[in-house]
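Worksheet: the structure to be examined is printed underneath.
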Amino acid sequence: MADHKPRLADLQLAIMHVLWDKGEATIAEVREALAEDRPLAYTTIGTMLTKMEAKGHVDHRVDGRVNIYKPLIPRETVSRSMISDLASRLSRGDVTELVCHLLDECDVSREELSRLKKLIKQKEQELSHDK
């Protein structure tokens, strides 16, 4: 069973992005997708996928002599877990501090700001309904 709060290292996350984007992939396909940014040996990708499978992050099926891997944990689960962990470690859970930092350090478009405002309004409505 997959970890409820998955913590993925950089290479693991890169592999998961390939699997999420493709739905499933062989070791060679993962290697090819990562080759431009991360020229890695076939065995390195294979070893990492084996470790990720042992942790419940991926699964595989055999097609002839090839293993085909698929993700077991959704992209959103990993994103939420890693962002929550980052927020907790960097800003000690202070959401305002984290958002301020992101707004200061990232190029934010008017469309993104508009979307953020809508999300804040939605959250305010949710909180007012909980009272």
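The values are calculated or read from the model by the stated rules, or taken from the named source; none is laboratory data. In this text the structure is predicted, and so the values were computed from the model without any measurement. All Cβ positions, glycine included, derive from the backbone under ideal geometry; neighbour counts span all protein chains shown. Calculation scope for accessible area: heavy atoms of the full protein, side chains included, ligands and nucleic acids excluded. Shrake-Rupley method; radii C 1.70, N 1.55, O 1.52, S 1.80 Å.
Relative to the Cα centre, the charge distribution of the chain, modelled as +1 at Lys and Arg Cβ and -1 at Asp and Glu Cβ, gives a dipole magnitude of about 360 debye. For the listed peptides 82-88, 99-105, a ranking on the average number of other beta carbons within 10 Å per residue, highest first, reads 82-88, 99-105. List the lysines whose alpha-carbon lies under 16 Å from that of Lys51, not counting same-chain residues fewer than 8 positions away? Reachable lysines: Lys70.
Using the heavy atoms of the protein chains alone and a 1.4 angstrom probe, what is the accessible area of the chain per residue in square angstrom?
Values: 9920 Å² over 131 residues.
On a per-residue basis, the chain sits at 76 Å².
Between the listed residues Ser109, Ala33, Ile68, the Cα displaced farthest toward the positive end of the dipole of the chain, a dipole computed from Cβ unit charges relative to the Cα centre, is found at Ile68.
Under the criterion of Cα pairs below 8 Å and six or more residues apart, the relative contact order for the chain equals 24 percent. Where a ≥ b ≥ c are the square roots of the eigenvalues of the C-alpha gyration tensor, would you call the range 1-55 rounded, which needs a/c under 1.5, or, failing that, prolate if a/b is larger than b/c, or oblate? The shape class here is prolate.
Would you mind telling me the share, in percent, of accessible area of the chain contributed by carbon and sulfur at probe 1.4 angstrom?
Numbers: 5090 of 9920 Å².
Within the chain, the accessible surface is 51 percent carbon and sulfur.
For the range 57-131, the Cα-based Rg and Dmax, in that order, read 18.6, 58 Å.
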